[in-house]
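Undergrad: Can you read through this structure? Questions will come right after.
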Amino acid sequence: MSISKIMSNEPVINNAQAAPMQKAEPAPENATAPVIAGKEAFDNPAETAGRSQVNFRGGKFLSVKDLNKLATSNMLDKMSGEEISTAKKAIMELMDKYKCSNLSDLSKKFQTGKIDAGDFACDIADAITKHNPNANVDKIDTFILSII
């Protein structure tokens with residue numbers, strides 16, 4: 001038994017040449033989520049609210065849902081980054097004091113009357129002045145009550 005070579009009618013390529021390289025086009029930028037870089041990121045209140053979460057060092061923090069609730073407030077545009085940061089710290093302190101795991105839990109306790117409104121207002125003012133004695137207490141107090 002002998003093995004014969006299989007013949008093909010296709011041409012044989014001995015010297016292959018690569019196609020010339022073409023310039024690749026850059027991928028289009030995603031229009032749904034613009035990235036704010038540089039100093040502009042610190043001037044934008046919504047960016048400040050979100051990015052300061054990364055810098056927070058501690059066991060308790062605001063969840064993404066809580067941060068989104070803060071970002072939907074109409075007052076956010078009128079507040080500086082320092083005021084927003086003070087408000088977040090005050091909210092976290094209130095959550096600790098009233099043993100709440102998130103902002104929604106704190107809201108439910110306040111709205112159902114488990115937390116006295118007068119005591120709550122005093123606690124907000126105390127928490128604000130504790131974290132920033134020079135802050136505009138009325139403005140931050142109104143902001144916190146608007147999201148609760």
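Since every read-out is calculated from the coordinates, none of them should be taken as a lab result. Keep in mind that what you see is a predicted model, and the values were worked out from it rather than measured. Counting neighbours? That spans all protein chains shown, and the Cβs are built from the backbone with ideal geometry, glycine included.
Undergrad: Pick from 66, 123, 119, 77: which is part of a helix (DSSP H, G or I), surrounded by 20 or more Cβ atoms within 10 Å (Cβ to Cβ) and not hydroxyl-bearing (Ser, Thr, Tyr)? Lay out the reasoning, then the answer.
TA: Values: 123 fails: surrounded by 20 or more Cβ atoms within 10 Å (Cβ to Cβ); 119 fails: surrounded by 20 or more Cβ atoms within 10 Å (Cβ to Cβ); 77 fails: surrounded by 20 or more Cβ atoms within 10 Å (Cβ to Cβ).
Only one candidate passes the filter, namely 66.
Undergrad: Further question: For segment 69-83, state whether one or more residues are of a type outside the set (D, E, K, R), free of Cβ contacts under 8 Å to residues at least 60 places away in the same chain and in contact with a Lys or Arg (Cβ under 8 Å, 6 or more places away or on another chain).
TA: The answer is no, given that none of the residues of segment 69-83 is of a type outside the set (D, E, K, R), free of Cβ contacts under 8 Å to residues at least 60 places away in the same chain and in contact with a Lys or Arg (Cβ under 8 Å, 6 or more places away or on another chain).
Undergrad: If residue 86 passes every condition in (1) in contact with a Phe, Trp or Tyr (Cβ under 9 Å, 6 or more places away or on another chain); (2) under 25 Å from residue 64 (Cβ atoms) but one, which one does it miss?
TA: (1)
Undergrad: Do you know which residues across segment 126-141 are surrounded by 14 or more Cβ atoms within 10 Å (Cβ to Cβ), assigned to a helix (DSSP H, G or I) and under 26 Å from the mean Cα position of the chain (by Cα)?
TA: Within segment 126-141, 127, 128, 129, 131, 137, 139, 140, 141 qualify.
Undergrad: Of a type in the set (Lys, Arg) and surrounded by 13 or more Cβ atoms within 10 Å (Cβ to Cβ): does that describe residue 99? Lay out the reasoning, then the answer.
TA: Numbers: of a type in the set (Lys, Arg): yes; surrounded by 13 or more Cβ atoms within 10 Å (Cβ to Cβ): no.
In short, no.
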